[in-house]
Amino acid sequence: MMRATAATTIQTTPSYSYLTARKTMTPSARTIKNHRMDNNNNNNNRRRRRGELLQIVSEGTGRFIVGGNWKCNGTRESVKALVEALNKNVPNIEKNCDIYCCPTFLHLPYVKDNLNERFNVCAQNSWVEADLVDPEHHYDSTTGAFTGEISAEMLEDLQVPFVLLGHSERRTLLGDTDEIVGKKVAHARYHGLSVVVCVGETLEERENGTTFDVIFKQLKAVAKEIDDREHSSWGSSVVIAYEPIWAIGTGKVATPEQVQEVHSKIRSWLAENVSEDVAKATRIQYGGSVNASNCADLAKLSDIDGFLVGGASLNGDDFAAICNASSVHYKAVGR
Ligand code: PGA
């Protein structure tokens, strides 16, 4: 199998002009100031600079992105109705955000053929063999005698541009370890897919103070597998969805303070462990009981770059309203 690049194989919607958007981005003044402060290369200063960075890179520069995770829901009839409801909403949806919808594998071809191209389609998973070791980080032996599985190669063939990986339901119910999620990310990137990687803590982990240990471990497993540290490989193609498990499907939303704190720590982790450019460009979504009524308050946070929506994404009008929180976000951060 030849290596495919995102540029050659993945059709994105006309609105998904990330590169164009990036050219027009201005880094926040605070960040520029920080760069100017840094002109000494000795180790102490480098360490100090990292310390400063942890507080200063607290805002992304990427386009707002909203995803609808349809999970294991849908009949042919209900999926058709949802596609129609979403298509009807296209004229009401602002042009300033990227959108993806994740139907089941079974409904994916139908949705891809019938959903307006304003929406990207996204698979809910792709697989790699757990025991495979590949120093080149391709994990490219995923078609063949693996009954019941779907490979990133097949998603590439179907021109599905996104895949959701490491959702907590897969981690907790279906055995996806941090290590497997990292391999899945590497394999999907190798096949040119953009990935949305979910991270997040359980209620118990939050209560015993290990939220950041858990999330950083999940991030580390992904960072380890992305061998190309170039900007294009991370920032434009890897989206992180912070989804506290205790907030998923429970109606219990994380507070704006909790979301901001985690997002800014994720960004700082990226700055320190990958690069400053990646930290700024990586979109960090929040997911967990987001709906049409609570999205505006969350969208005002400087460090939120979008939402991953479960239940409310099954309603076309509500999902469109959540996508439009992008305007609230841009206004709040002055973009
Ligand atoms: P929810 O699900 O919006 O229903 O809480 C979010 C998710 O699991 O992605």
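The values are calculated or read from the model by the stated rules, or taken from the named source; none is laboratory data. The structure presented is a predicted model; accordingly, all values stated were derived computationally and were not measured. FYI the Cβ positions are ideal-geometry reconstructions off the backbone, even for glycines, and counts take in every protein chain you see. These area figures cover heavy atoms from the full protein model, side chains too; ligands, DNA and RNA do not enter into them. Shrake-Rupley method; radii C 1.70, N 1.55, O 1.52, S 1.80 Å.
Per residue, the stretch 108-187 exposes an accessible area of 44 Å² to a 1.4 Å probe, with every protein chain left in place. Taking the 1.4 Å solvent-accessible surface of the stretch 185-292 as the whole, the part contributed by carbon and sulfur is 49%.
The label-point distance for Lys88 and Asp213, in a model that sets each label 7 Å from Cα toward Cβ, rounds to 5.1 nm.
Just the protein heavy atoms count here, and of the accessible area of the stretch 59-168 at 1.4 Å, carbon and sulfur take up 51 percent.
Taken one residue at a time, the phi angles of the stretch 271-279 give Karplus couplings (6.51, -1.76, 1.60, θ = phi - 60°) of 4, 7, 9, 10, 6, 5, 4, 5, 4 Hz. Gly and Pro are set to x. Taking amide H positions as modeled 1.01 Å from N, with prolines and chain starts lacking one, the residues under 5 Å from Asn120 and 5 or more places away or on another chain are Ile99, Tyr100, Cys101. Ranked by solvent-accessible area (1.4 Å probe, protein heavy atoms only, all chains present), the residues Lys112, Lys300, Lys220, Lys71 order from largest to smallest as Lys220, Lys300, Lys112, Lys71.
Based on Cα atoms of the stretch 76-228, Rg over Rh with Rh as the Kirkwood radius reads 1.01.
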